[in-house]
Amino acid sequence: MKPHIRRRYWNEPTMSWWERAYIFEIVRGLSITSGVFMRNMWRWVTFRKGALTTYYPEERRADYSPINRGKHVLTQRPDGRPQCIACNLCATVCPARVIEIEAAFDPDDALHPKYPVRFEIDYSRCIFCGLCVEACPEDAIRMVPDAPGLPDAERDHMWWSRDELLHWNPQRDAAKHSPSAPTVAAARSPGAP
C-alpha cells in the first residue's frame, strides 16, 4: 500500500513579523494574565467570590453539560472489529472536512463486505458539531463528553486514527446490532436458505 500524504490546507496559519518577534506577544500575554490575576485577587481580599478552580477531569463543574460533545469513538462489533461500513456519509456531511476514510473489501464477510482500512479525524480543525454522529446509519461513530489529549502543541499529534478511536474508550453497545457474519462459502452453499 502506498504511503498516505496528508494534504496541505490553503488557510494554514502564517505568522507576521510582529508575531515572530515574540516579545510583543509575551508582554501582551503577561498584561492579560496579570489583569485577570489582580481582579481575582481583589475579589478574594474583599471576601467576594474569586476565581473558581476545577481540577478536570477528576472534578467537574456543576454546570458541565452531560450532553457535551467531546471526542469521537468508533463502536465495535462483538468480534472487536469496527461497526463502520465505510459508507463515507460522516465524511460527506462534515462541514469542516476533517474525516478521511479509506475503504477496503472483505470477501469473507457477507453482511459487511466494506470496512475502513484508514479512518482518521483531524482534531485541529474539528468543530465538534456532531453531524457525523447524526449521519451514520450504523451507529458506528459517537461522541463522548470527555476530550483527553486536546489541545496539543503539535498539529500532527491531533490526527486520531482508526485504532485510537476504537481503543481509547471502547464501546460495544451499538444501537444497530450486527448479527454474526456467515462466511461467503456458507452463504453460497446449496443447502443454505
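Read-outs throughout are calculated quantities, based only on the coordinates presented, and are distinct from any laboratory measurement. What you are looking at is a predicted structure, and each value in this text was computed from that prediction instead of being measured. Every residue, glycine among them, receives a Cβ derived from its backbone with ideal geometry; neighbour counts consider all protein chains shown.
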**OP:** May I have the extent of the alpha carbons of segment 1-112 along their three principal axes, as whole Å values ordered from largest to smallest?
**Re:** 71, 43, 22
Original post:
Once Lys and Arg get +1 and Asp and Glu get -1 on their Cβ, which of THR92, TRP42, MET15 lies farthest toward the positive end of the dipole of segment 1-142?
Top reply: TRP42
Original post:
Non-local amide H neighbours of ARG118 (under 5 Å, H modeled in plane, Pro and chain starts lacking H): which ones?
Top reply: GLU102
Original post:
Can you list the cysteines of the chain that have no other Cys Cβ under 4.7 Å away?
Top reply: CYS84, CYS87, CYS94, CYS126, CYS129, CYS136
Subject >> Among [x] 0.99; [y] 0.94; [z] 1.43, the entry derived from the coordinates for Cα Rg over 2.2 N^0.38 Å >> reply: [z]
Original post:
Over segment 9-51, what lengths in whole Å, largest first, do the semi-axes of the equivalent ellipsoid take, defined as the square roots of 5 times the eigenvalues of the alpha-carbon gyration tensor?
Top reply: 35, 13, 4
Subject >> ³J(HN,Hα), Karplus 6.51/-1.76/1.60, whole Hz, each residue of segment 139-151, x for Gly, Pro >> reply: 6, 8, 10, 9, 10, 9, x, 7, 9, x, x, 10, x
Subject >> ³J(HN,Hα), Karplus 6.51/-1.76/1.60, whole Hz, each residue of segment 114-121, x for Gly, Pro >> reply: 9, 8, x, 7, 10, 9, 10, 10
**OP:** Between beta-carbons, use under 11 Å as the cut-off and find the net charge around GLU12, counting Lys and Arg +1, Asp and Glu -1.
**Re:** +4
Original post:
In whole percent, what relative contact order does the chain give with Cα contacts below 8 Å and a gap of six or more residues?
Top reply: 23
Original post:
Roughly how tilted is helix 23-45, in degrees to the nearest 10 and between 0 and 90, from the longest Cα axis of the chain?
Top reply: 80
